[in-house]
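Encoded as structure tokens, the structure appears first; notes follow it.
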Amino acid sequence: MTITHLKQGKPATERADDDAKVRSIVETTLADIEARGDAAVRALSETFDSYSPPSFRLSSSEIEAAMGKVSTRDMADIDFAQAQIRRFAEAQRASMQDIEVETLPGVILGHRNIPVQSVGCYVPGGKFPMVASAHMSVLTASVAGVPRIVAAAPPQKGEPHPAIVAAMHRAGAHEIYVLGGMQAVGAMAIGTETIRPVDMLVGPGNAFVAEAKRQLYGRVGIDLFAGPTETMVIADETVDAEICATDLLGQAEHGYNSPAVLITNSMALAKATLAEIERQLEILPTRDTASVSWRDYGEIIVCDTHEEMLAVANDIASEHVQVMTDRDDWYLQNMHSYGALFLGPRTNVANGDKVIGTNHTLPTKKAGRYTGGLWVGKFLKTHSYQKVTTDQAAAEIGAYCSRLCMLEGFVGHAEQANIRVRRYGGQNVPYGQAAE
């Protein structure tokens, strides 16, 4: 096996140091929100966004005013994207059935899929207003039937971002707050004098938002532990350097720490892509960000075979995986650790980010090994139930249960079963002994 790293990013030790700094800041900030509530949230908003309105929650008239600033074309595009996302989310919801089965005569087991009762959806602003994140979180929660959907996004240039507000409202948000970063997720999860806490937090964000969600997990549910955007291109000689470079830099522009990795079995394509990236960085308007990401987190890995490429890809478990090879469906069948796959040169990660219908909130930092991304099922809790409808079934199951409880030494448990054996089966089971 020969695997050549034509380009490598920052060593893991340096990345760990960055994470430790973020962890400490977030811990202090969340403690402040817990202690001081609205006052802490307002101070944070003033510090980070220079924004301190009478109320962070938008009224109906403020929502309408913001939406009035969105052009007809932009609103039509938002509606088109939401139609695609709703269509796929509804199909996913329809695949999740409540069930009820009779496993033995008179023994009925089942489960119900019940929506989480309140969800906080964070929509990032920062360098780029992530309008699409409103579709992905708010709309998907709405399709799941969540009865209280709270949405928050930072201000842009001192006011609510019109397109984000429009997307939140059209998607079905019940409360909209103009709040960013740690103060937004902290306020929604912990609660303040004016914001009722939610049961679950969802949505992407920067490293501070991701760490805040991690620290709040347990107090509230979360969709997943999401770090900076990651992208991977798996390519062979069926495609050229231009398309590979474009797909790598298209995600590297997200932030200064967005990993972008090319895995190929062609040294010629690897070298050509490296050169093409340098060429495109000269003309890309977002090169100030993308170039730093590529310098510190970009990688090019050359393998001998597709099997090696697959093994490396599964180990990295990237958030986005663009596959452009002579065997795309083979990768679909054999990839097991990733966020989402984009198969063939006709599609791309931006489609998934913005419009095609799949959800763009996806696992990062190898979390694709144990979870998929946000989808309608994340907002549903599957709760089981049981009922026994005949005396015979109560006595039969009770006898088995009694003996199994005594096997473990749980006498009180056994008596729960024994009383049913005595009452419904007519057996005289001595107290503290197993049924026959």
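I'd like the distance between the alpha-carbon centres of the range 194-265 and the range 313-379, rounded to an integer number of Å. The two parts, judged by their Cα centres, are 11 Å apart. If only the Cβ of Lys and Arg carry +1 and only the Cβ of Asp and Glu carry -1, the dipole of the range 153-231 around its Cα centre is close to 20 debye. Per-residue Karplus couplings for the range 87-97, computed as 6.51 cos²θ - 1.76 cosθ + 1.60 with θ equal to phi - 60°, are listed in order as 4, 6, 4, 5, 5, 5, 4, 5, 6, 9, 9 Hz, Gly and Pro entered as x. Based on Cα contacts under 8 Å between residues 6+ apart, the range 217-370 shows a relative contact order of 28 percent. Ranking Thr364, Thr103, Thr192, Thr305 by solvent-accessible area of protein heavy atoms (1.4 Å probe, all protein chains present), from largest to smallest, gives Thr103, Thr305, Thr192, Thr364.
Remind me, relative contact order of the range 27-182 in percent, using alpha carbon pairs under 8 angstrom and six or more residues apart?
On the way: 214 pairs, mean separation 43.8, N = 156.
Contact order relative to length: 28 percent.
How much length, in nm to one decimal, is gained on full extension between Ile114 and Asp315, taken as 0.36 nm per residue of separation minus their Cα-Cα distance? If you can, show how the numbers build up before the last one.
On the way: separation 201, 0.36 × 201 = 72.36 nm, distance 3.48 nm.
This chain segment gains 68.9 nm when fully extended.
The share of accessible area on the chain that comes from carbon and sulfur is 52 percent, using a 1.4 angstrom probe.
Short to long, the 20 Å bins of the Cα pair-distance histogram for the chain hold 23, 45, 25, 7, 0 percent of all pairs.
Sorted by accessible area with a 1.4 angstrom probe, largest first, how do Val202, Val388 fall? Don't skip to the end; give the middle numbers.
Numbers: Val202 0, Val388 70 Å².
Descending order: Val388, Val202.
Taking the Cα centre of the chain as the origin, how large is its charge dipole in debye, to the nearest 20, when only Lys and Arg (+1) and Asp and Glu (-1) carry charge on their Cβ atoms?
The calculated dipole for the chain is roughly 1240 debye.
Could you sort Phe88, Phe208, Phe379 by their accessible area in this structure, using a 1.4 Å probe and putting the largest first? Can you show the working numbers first?
Numbers: Phe88 90, Phe208 65, Phe379 0 Å².
In descending accessible area the options line up as Phe88, Phe208, Phe379.
Full extension of the chain between Glu64 and Lys7 gives 15.5 nm of extra length, using 0.36 nm per residue less the Cα-Cα distance.
Counting only residues at least eight positions apart within a chain, or on another chain, the lysines with an alpha carbon under 19 Å from that of Lys213 are Lys21, Lys365, Lys366, Lys378.
Over the range 101-197, the fraction of Cα-Cα pairs per 10 Å bin, rounded to whole percents and listed from the shortest bin up, is 16, 42, 22, 8, 8, 4, 0. Taken one residue at a time, the phi angles of the range 226-240 give Karplus couplings (6.51, -1.76, 1.60, θ = phi - 60°) of 9, x, x, 3, 10, 9, 9, 10, 9, 9, 10, 6, 6, 10, 10 Hz. Gly and Pro are set to x.
Accessible surface for His413 stands near 90 Å², nearest 10, in the context of the full protein assembly shown (1.4 Å probe).
The slack in the chain from Asn334 to Thr238, taken as 0.36 nm per residue of separation less the alpha-carbon distance, amounts to 32.6 nm.
In percent, how large is the relative contact order of the range 148-253, given Cα pairs closer than 8 Å and 6 or more residues apart? Provide the component values of the computation, followed by the final result.
On the way: 120 pairs, mean separation 20.2, N = 106.
Relative contact order comes out at 19 percent.
Between amide H atoms placed 1.01 Å from N, distances below 5 Å from Lys7 occur with Ile300, all of them 5 or more places distant or on a separate chain. Taking 7 Å steps out from each Cα toward its Cβ at Arg73 and Glu436 produces label points 8.6 nm apart.
The values are calculated or read from the model by the stated rules, or taken from the named source; none is laboratory data. No experiment lies behind these values; they were computed from the predicted model shown. Every residue, glycine among them, receives a Cβ derived from its backbone with ideal geometry; neighbour counts consider all protein chains shown. Ligands, DNA and RNA are excluded from the accessible area calculation, which covers all protein heavy atoms including side chains. Shrake-Rupley method; radii C 1.70, N 1.55, O 1.52, S 1.80 Å.
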